[in-house]
Amino acid sequence: MKKFFIAFVLIFIFLMGSIPAPPPAAAADGRVLLAQKEQSAESADEDKDDEYDDDDTEAVTVADPLEPFNREMYTFNDVLYFLVLKPTAQGYKAVVPWELRTGIQNVFHNIRFPVRFINSLLQAKWSKAGNEFSQFFLNSTVGFLGIADVGSHYPSLKTSPEDTGQTFAVWGAGEGFFLTLPFFGPSTLRDGVGKVGDTLMDPLFWLIDDRYVAIGLRAGEVVNATSFRIGDYEAIKAAALDPYVAIRNGFIQNRNKLIAE
């Protein structure tokens, strides 16, 4: 029974890793909105009404025909985040130094170089592909197998996340519709299919044969990544009149921004 419970927790954390982190801009907006709520009652209410009206009418650019289902799944993921993932990440953050957590994050980012590099090539973003390769070379050599993100110290080598969902968008594929799934969180039909391509390009998918080791590595990666962003999701929830709409809008805005870059 104990082994079954541990396996269940690891599998849950592994699946939770597919939930996209709140976009930095969305998290920042959430903190700004939270500060606005603490102003005088009348002015704060007016500001919030105007801002959320704009979000609801301008930010949503994807169909949401399954909204009742999506809202149920959002609630399900929300509960599991607060009951399992957040407490685990908080405990991990309390005992693991920032430097070590940063090194672990850098290593995983470096390992997934093929996903970003191949998708940059598929999108004909030659400059980004070159920057990705240069960063990977520097981080894998001077950066001691990616532990140190040496490439980030060179502004000319600036990169941005690239994935198969973005490649499909550049090729002309439509978003389809918005979808929220248990454990996997917000996505679109296009991005959901794109995750299959990302998985096939991930070296860890081919190098790790033992599924329990693979789940354990992924669980550790997710907990480590979450330890850096505790509070972002909470800020959005606290500031939003409708957290589901705020998350949906923030996700779509961030995806459109990445596709355009």
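General observations
- Criterion: surrounded by fewer than 17 Cβ atoms within 10 Å (Cβ to Cβ), of a type in the set (G, A, S), under 22 Å from I118 (Cα atoms) and modelled with pLDDT of 95 or more - qualifying residue of G192, G172, G165: G172
- For the range 146-162, filtered to residues that are buried (at least 21 other Cβ atoms within 10 Å of the Cβ) and under 20 Å from the mean Cα position of the chain (by Cα), the residue that is farthest from I118 (Cα to Cα) is T159.
- When P87 is tested against (1) exposed (fewer than 14 other Cβ atoms within 10 Å of the Cβ); (2) within 18 Å of the chain's Cα centre (by Cα), just one condition goes unmet, and that condition is (2).
- Number of residues in the range 201-221 that are surrounded by 13 or more Cβ atoms within 10 Å (Cβ to Cβ), within 23 Å of I118 (Cβ to Cβ) and hydrophobic (A, V, I, L, M, F, W, C) equals 5.
- All positions within the range 238-261 that are more than 30 Å from L121 (Cβ to Cβ) and surrounded by fewer than 17 Cβ atoms within 10 Å (Cβ to Cβ): A238, L241, D242
- Selection status of V79, within 24 Å of Q166 (Cα to Cα), in a helix (DSSP H, G or I) and of a type in the set (V, I, T): no
- Residue within the range 183-195 that is without any contact (Cβ under 8 Å) to a residue 12 or more places away in the chain, more than 26 Å from P97 (Cα to Cα) and not in a loop (DSSP other than H, G, I, E, B) present: no
Let's see how each residue does on (1) assigned to a helix (DSSP H, G or I); (2) touching a Pro at 6+ places or on another chain (Cβ under 8 Å); (3) of a type outside the set (S, T, N, Q); (4) closer than 22 Å to A169 by Cα:
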| site | (1), (2), (3), (4) |
| --- | --- |
| G103 | yes, no, yes, no |
| A129 | yes, no, yes, yes |
| S134 | yes, no, no, no |
| A148 | no, no, yes, no |
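- In the range 65-111, the residues that are within 30 Å of G176 (Cα to Cα) and of a type in the set (S, T, N, Q): N70, T75, N77
- Within the set R229, R218, R248, the sole residue that is assigned to a loop (DSSP other than H, G, I, E, B) and under 24 Å from G165 (Cα atoms) turns out to be R229.
- Unmet requirement for P97, which otherwise passes all of (1) more than 14 Å from F228 (Cβ to Cβ); (2) over 21 Å from the mean Cα position of the chain (by Cα): (1)
- Unique match (being in contact with a His (Cβ under 8 Å, 6 or more places away or on another chain) and among the acidic types (D, E)) among D78, D64, D149: D149
- Every condition in (1) under 19 Å from D78 (Cα atoms); (2) in contact with a strand residue (DSSP E or B) (Cβ under 6 Å, 6 or more places away or on another chain); (3) part of a loop (DSSP other than H, G, I, E, B) holds for E175 except the one numbered (1).
- Given (1) farther than 22 Å from N70 by Cα; (2) in contact (Cβ under 8 Å) with a residue 60 or more places away in the chain, index of the condition F178 fails: (1)
- Identity of the residue in the range 222-237, of a type in the set (A, V, I, L, M, F, W, C) and surrounded by fewer than 17 Cβ atoms within 10 Å (Cβ to Cβ), that ends up farthest from T75 (Cα to Cα): F228
The values are calculated or read from the model by the stated rules, or taken from the named source; none is laboratory data. Keep in mind that this is a model prediction, so the values were computed, not measured. All Cβ positions, glycine included, derive from the backbone under ideal geometry; neighbour counts span all protein chains shown.
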